[in-house]
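K.L.:
My structure is below; once you've seen it, I'll send some questions.
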Amino acid sequence: IYQLRTGHAPLAKHLHRIGKIDSPQCPCCRQEEETVHHFLIRCPAHRAARSTMIREAGRAAASMTELLSQPKLLPALFKFIAKSGRLRAVFG
């Protein structure tokens, strides 16, 4: 969660910034840079998982600020991350 809050999660934008990958483009949708906001709120590749998260946690889960700061939303956020499969290579 700390990495997501600070923008240091192993997503393409950060990995590109530190020289680990060639492009900051989202590998899932290839439509824009993969920032934390893109991953959590905008990426069309994760639309189904995001819809489930919002259904389970309520409208507050549609806000990145709320999602990363409200402890009651963390279970839904963790499910979203698991369903997205995006951080699996890093966290198992």
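The values are calculated or read from the model by the stated rules, or taken from the named source; none is laboratory data. Note that this is a predicted model, so its numbers are computed, not measured. Neighbour counts are summed over all protein chains in view; Cβ atoms, including those assigned to glycine, are modelled from backbone coordinates with ideal geometry.
K.L.:
Check LYS83 against each of (1) in contact with a Phe, Trp or Tyr (Cβ under 8 Å, 6 or more places away or on another chain); (2) over 13 Å from ALA9 (Cβ atoms) and name the one condition it does not meet.
P.N.:
Here LYS83 meets the rest and fails (1).
K.L.:
Which one of PRO10, PRO71 is of a type outside the set (A, V, I, L, M, F, W, C) and in contact with a Leu (Cβ under 7 Å, 6 or more places away or on another chain)?
P.N.:
Exactly one of PRO10, PRO71 is of a type outside the set (A, V, I, L, M, F, W, C) and in contact with a Leu (Cβ under 7 Å, 6 or more places away or on another chain), namely PRO10.
K.L.:
Then there is this: Sort out for me the helices (runs of 4 or more DSSP H) sitting completely within the chain that have 1 or more residues that are surrounded by fewer than 17 Cβ atoms within 10 Å (Cβ to Cβ), within 10 Å of the chain's Cα centre (by Cα) and in contact (Cβ under 8 Å) with a residue 12 or more places away in the chain.
P.N.:
In the chain, no matching helices (runs of 4 or more DSSP H) lie anywhere.
K.L.:
Any residue that is at pLDDT 95 or above, touching a strand residue (DSSP E or B) at 6+ places or on another chain (Cβ under 7 Å) and not aromatic (Phe, Trp, Tyr) - is there at least one of those in segment 2-22?
P.N.:
yes
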